[in-house]
Amino acid sequence: MTVMPAPDEAANSSRTQSRKDKGRPATPEDSAPIMRRVKTKLTSRWATAAAVIIATIWTVPTFGLLVSSIRPAAKQVGPRSDGWWNFFADWDFTFKHYVDVTAAAGSQSANLSQYFVNSLAIVIPVTVFVLVLASMAAYIFAWGNFRGREASFIFVFALQIIPLQMALIPLLSLFTQVLKLPPGSYAQLWIAHTMFGLPLGIFLLHNFISEIPGEVIEAAKVDGAGHTTIFWRIILPLSVPALASLAIFQFLWVWNDLLVALVFSGGTADVAPITQRLAEISGTRGNRDFLNPAAAFVSIIVPLAVFLGLQRFFVRGLLAGGLKG
Amino acid sequence: MEFLGGKFLQVFIALAVFAALIGLIMLIVDRAPKSVKDKLTIVGFLAPAAILMLVGLVYPAVQTSFLAFTNASGQPNGVDNFVWMFTQPEALATLRNTVIWTVLVPLLSTVFGLAYAVFIDKARGENALKALVFMPVGISMVGAGIIWKLVYDYRGPGIEQTGVVNAVRVALGMDPKQFLLDAPENTIFLIIVMVWIQTGFAMVILSAAIKGVPVELVEAARLDGANPWQQFRNVTVPGIRGALVVVLTTITIATLKVFDIVRTMTAGNYDTSVIANEMYTQAFRAGEPGRGAALALVLFLLVLPIVVYNARVLRQQREIR
């Protein structure tokens, strides 16, 4: 689908705009028989109802989590517990669970602030690594001149789809036995995530970088700029929208990952990310179940903020990679 | 907060080392004699990513393919692992579940996503309405697992229900149900979680594609007397076929690899395991890396046709360009 080139969003929005202008006023409906107008109205009413139902079903679970997280322990577990919707009858709330899961000390504590920091310490370097390495490779795949360029790019595209599960066992033995990476450090996670993130990163950035007009690059060459100058001074600044969307992708993907973390972190509070801790505490049924909603909300607050705040970039990234490839 | 210092230092050192490496590559490429400059650039720019992908993906994939034909102590055992996979009842249940997942999730997500995208197209507050359904895409599957455990929560009959669905059931006069325990329908209830996540993804892509369908075509169909359904069926759907293929492909691959949902909600018990979860269980919990590798290999073979198809589409499009 080349209908939708990612770089010129302007063309897109103007198309939507013109569609709106034409679509709304002066439709043939005005002169159409009454029956048809009624029918259109009815369909649109049913459509609205269906949309409202879908939106409600999709929102209620998360909303329930949020409400549960601020209800007192006795209301959530035990003999006097009831559903979270009863909150709107008693308005009994507390922020104690949030304090408990993040700040409380001791072996019983969920200790989420530690794991929260771990997640950040894993995500930030990985995002930088992938962005830099993928854009370098994408630049060569788009503008480099060598034999087998097409074939190797398709090969990279195909790598995207190797199930991670296939890579984990050999990679773990490579890390621990050959490279002797210390188990209780971030190094294993950084390298593993970077490896797994590169194919998608190269693919997305390539789609964007190859759309940059060739004249710009030719002009720079005429002025005597080398590849490094072109890359840092022209390609990267022009690719900011694509880089932003990839950064969000990578951030979300690594932050939300559980599988890679389970295999490479060793599970200690020194390294393990928040998803792993969350899986642990929600997996053990116990008398502290009332902390789960608060813990879950702490873990989803960062990706949700990143995601909703930068939604537009994210969507653009999906389209650049998706609709064209 | 003394732990912060050490972690910050590690991150800082990693970034510094990385910056130094990249700087070195740039320096070498820039200072190279003119005769080899172009070649050196290509090598220098590609090598880091290429080495990482070869070591991190290609080598392990090959290694796993061999591992699939060995037993727990690493001795070659022919196709025993595959025989196990296709004969043991638990392993067969795993395969069956994976098939159900990969049929239902892409289908339902796309249908709901498309319906929603059509319904809210040009509606007032379209962006806010989109955000509501798009939100689960940003939530981790572990988080989603906890959210839905809450939704499916079960209490014995006669006691106040704490899960929304069971509360509704009781209100309608039905008995509460243990959604995650009763096989085989518990797999369906896990699938609903994945559909909940993926619908938003399908919706945004399809919504963008719908807006790309030329207005004139829709208008023409309307003037010719097509009702809304006919307009949708004969104009909109053909116009967004490319996007539909992309959405179905992406969701299918994501579904084949689904792991976290099953892991956090049932850990694969009660007959709910899928290949990706069973592979982890066999390789890292049961001490059977050979079986794990065999499952991974099957997973790869299932994904392969999709890769080939997409690679062909990609090549065609590049030729057009």
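FYI, it's all coordinate maths here, none of it is from the lab. Just so it is clear, the structure is predicted and the values come from calculations on it, not from any experiment. Note that each Cβ is placed from the backbone with ideal geometry, even for glycine, and that neighbours are counted across all protein chains shown.
Could you give the length gained by full extension between A:A103 and A:S185, i.e. 0.36 nm per residue of separation minus their alpha carbon distance, to one decimal place?
Gain on stretching A:A103 to A:S185: 27.2 nm.
Mind checking the mean number of beta-carbon atoms from other chains within 10 Å of the Cβ atoms in B:203-215?
5
Provide the per-residue ³J(HN,Hα) series for the range B:9-23, in order, calculated from phi with Karplus coefficients 6.51, -1.76, 1.60 and θ = phi - 60°, each as a whole number of Hz, with x at glycine and proline positions.
Per-residue couplings from phi come out as 4, 4, 4, 4, 4, 4, 5, 5, 4, 4, 4, 4, 4, 4, x Hz.
Testing the spin-label approximation: label points 7 Å from Cα along Cα→Cβ at B:L27 and A:V240. State their distance in nm.
Roughly 2.9 nm, to one decimal.
Taking the simple approach of a point 7 Å from Cα along Cα-to-Cβ for both B:R312 and B:N227, what is their distance in nm?
3.8 nm
Compute the Cα gyration tensor for the range B:196-321, then decide on rounded, prolate or oblate, letting a ≥ b ≥ c be the square roots of its eigenvalues: rounded whenever a/c is under 1.5, prolate when a/b is larger than b/c in the other cases, and oblate in all that remain.
Verdict is prolate for the range B:196-321.
With Cβ to Cβ distances under 15 Å as the rule, what net charge do the other residues near B:G23 carry (K, R +1; D, E -1)?
Result for the local shell: 0.
Could you work out how far the C-alpha centroid of the range A:164-233 sits from that of the range B:239-281, in angstrom?
26 Å
Using a Gaussian network model of chain B with C-alpha springs under 10 Å, which one of B:V298, B:V58, B:V118 is most mobile by mean-square fluctuation?
Result: B:V58 has the largest fluctuation of those listed.
Here is the link list: A:K75/B:K7; B:K149/B:K257; A:K75/B:K130; A:K221/B:K39. Which ones come out longer than 26 Å on Cα distance?
Check vs 26 Å cut-off fails for A:K75/B:K7; A:K75/B:K130.
Suppose R0 equals 60 Å. What FRET efficiency, 1/(1 + (r/R0)^6) with r the Cβ-Cβ distance, do B:Q88 and B:E160 give to the nearest 0.05?
FRET efficiency, B:Q88 to B:E160: 0.90.
Could you compute the FRET efficiency for B:R285 and A:R149, with r as their C-beta to C-beta distance and R0 at 51 Å, rounded to 0.05?
Step by step, r from the Cβ atoms, then E = 0.75.
At 222 nm, what helix-only mean residue ellipticity would chain B give, in deg cm²/dmol to the nearest 500, using -39500 (n - 2.57) for each DSSP H run of four or more?
Helix-only estimate at 222 nm: -23000 deg cm²/dmol.
If only Cα atoms are counted, what is the Rg of the range A:148-226, and what is its Dmax, in Å?
Considering the range A:148-226 through its Cα atoms, Rg and Dmax are 18.1, 51 Å.
Tell me the label-point distance for the pair A:N86, B:A72, using the 7 Å Cα-to-Cβ offset, in nm and rounded to one decimal.
A separation of 4.8 nm, rounded to one decimal place.
Quick one: check the C-alpha center-to-center distance for the range B:182-201 versus the range A:234-254, whole angstrom.
Centre-to-centre (Cα) distance: 31 Å.
Kindly rank A:119-132, B:172-185, A:196-209, A:89-102 from highest to lowest mean number of other beta carbons found within 10 Å of each residue.
The packing order, highest mean first, is A:196-209, A:119-132, A:89-102, B:172-185.
Classify the protein assembly as shown from the C-alpha gyration tensor, please: rounded if a/c falls under 1.5, else prolate or oblate depending on whether a/b exceeds b/c.
Here the protein assembly as shown falls in the oblate category.
Pull out a ≥ b ≥ c, the square roots of the eigenvalues of the alpha-carbon gyration tensor of the range B:2-67, then state rounded if a/c is under 1.5, prolate if not and a/b is larger than b/c, and oblate in the remaining case.
oblate
With springs only between Cα atoms under 10 Å apart, run a GNM on chain B and tell me which of B:K39, B:K130, B:K211 wobbles the most.
Looking only at B:K39, B:K130, B:K211, the biggest GNM fluctuation is shown by B:K39.
Would you mind pulling out the separation of the Cα centroids of the range B:29-65 and the range A:111-138, in Å?
First find each Cα centre; the distance between them is then 22 Å.
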